[in-house]
1. Of the residues L155, L239, L200, which is part of a helix (DSSP H, G or I) and in contact (Cβ under 8 Å) with a residue 40 or more places away in the chain?
2. Give the number of residues within segment 226-242 that are among the charged types (D, E, K, R) and under 14 Å from I215 (Cβ atoms).
3. Do you know which residues across segment 203-232 are within 32 Å of the chain's Cα centre (by Cα), in contact (Cβ under 8 Å) with a residue 40 or more places away in the chain and either in a helix (DSSP H, G or I) or buried (at least 19 other Cβ atoms within 10 Å of the Cβ) (or both)?
4. Regarding K283, is this residue surrounded by fewer than 12 Cβ atoms within 10 Å (Cβ to Cβ), closer than 30 Å to F213 by Cβ, at pLDDT 85 or above and not assigned by TED's automatic domain parsing to the domain that holds R209?
5. Are there any helices (runs of 4 or more DSSP H) wholly within segment 1-119 with 2 or more residues that are outside the structural domain of P149 (by TED's automatic domain parsing) and within 30 Å of T150 (Cα to Cα), and if so which?
6. Kindly indicate the residue of segment 242-289 that is over 45 Å from the mean Cα position of the chain (by Cα) and not in a helix (DSSP H, G or I) and also nearest to P207 (Cα to Cα) among those meeting that condition.
Amino acid sequence: MLAFDNVLSDKVAFCAEYGITIQEEDWPCHHLPEGLLADRGEFEGYQADHLVNALDVRVSNTPPYRADWKGIIERHFRIANERVIHFTPGAVCRPRVRGGADYRLDAALTLDEFRRLLICYALDHNQNHYLPWYRKDEWSRSQLNKIEPTAYSWLTVYDREWFEAASPPPRTNPGPPPIVDWKQRDSELATTVRTAAERLRQAPGRPLRVSKFAIAQEIGEVAVIYKQAHQIPQTAAVLKEVSESLDDWAVRRIQWAAKNFHQENRQPAVCGQILARANVTWKRVGSVPIVKAALEFGLSDLRLGDKG
């Protein structure tokens, strides 16, 4: 809770309590956060409920033994140790030697003096920490102002010419997206859908199922057909008309298999050979009359062809 209180406090006044004078832009952090990532502890239970209800702040708790879920925080603990804490009198640096000196006897700082050191560390990190892999050339001017407010303010006042030459060009507002004439789009899509369904039906090789998704993928309009269905009623009706059920698809596969045997001038020894080539199960043949009729017609057509 002390850390949460510090997030909300004005950093100019906070630093002044420890004899450190800063400007607002040196540490611009005194706002209510949208969420808190906590390591269980006091943010687990009724206190967290009060915080959420009173301040409308989202609280998330990481599971135990999962330091990788809060890697930035864990890394900053190590950085603070390496840059500040391990250099203070009385610091505990592992490994300790058995029978060594008592580190508590070396302690020389009060709590306020130690907090002052950590404040100086935070200010130095905010102003001088540099990440060379950041693609700053892709930042907008508003992003630059948020990340480097001190340099941004100084350059705009004292070296405006260089700032304009080195900064990215101002981004213009593209305005509202173009208005879609859904009535015209619906009419065009309906025609395109009918053409694509026929193209899939006539495709060479093993028959592909002419499904709603296959048609949408064929014309490259999956998002429109599935997410804007309420805007395209004519297209939806055409899709329902031309889409193929699993039974219709099985009939078409049986017809294709029988035609293949006819082209090879072969008479299948058993009807199961047609079903195997068409990849249709006996269960479907027995339960769906039109599939059974298609199989019988294919066999009779092959027998008549052999007699001819």
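1. Testing whether each residue is part of a helix (DSSP H, G or I) and in contact (Cβ under 8 Å) with a residue 40 or more places away in the chain leaves just L239.
2. Result for segment 226-242: 2.
3. Result: Q231, I232.
4. yes
5. Of the helices (runs of 4 or more DSSP H) lying wholly inside segment 1-119, those with at least 2 residues that are outside the structural domain of P149 (by TED's automatic domain parsing) and within 30 Å of T150 (Cα to Cα) span 2-8, 11-16, 71-83.
6. So the residue we want is E264.
The values are calculated or read from the model by the stated rules, or taken from the named source; none is laboratory data. Because the structure is a prediction, the values reported are computed rather than measured. Here the Cβ is made from the backbone with ideal geometry for all residues, glycine too, and neighbour counts use every protein chain on show.
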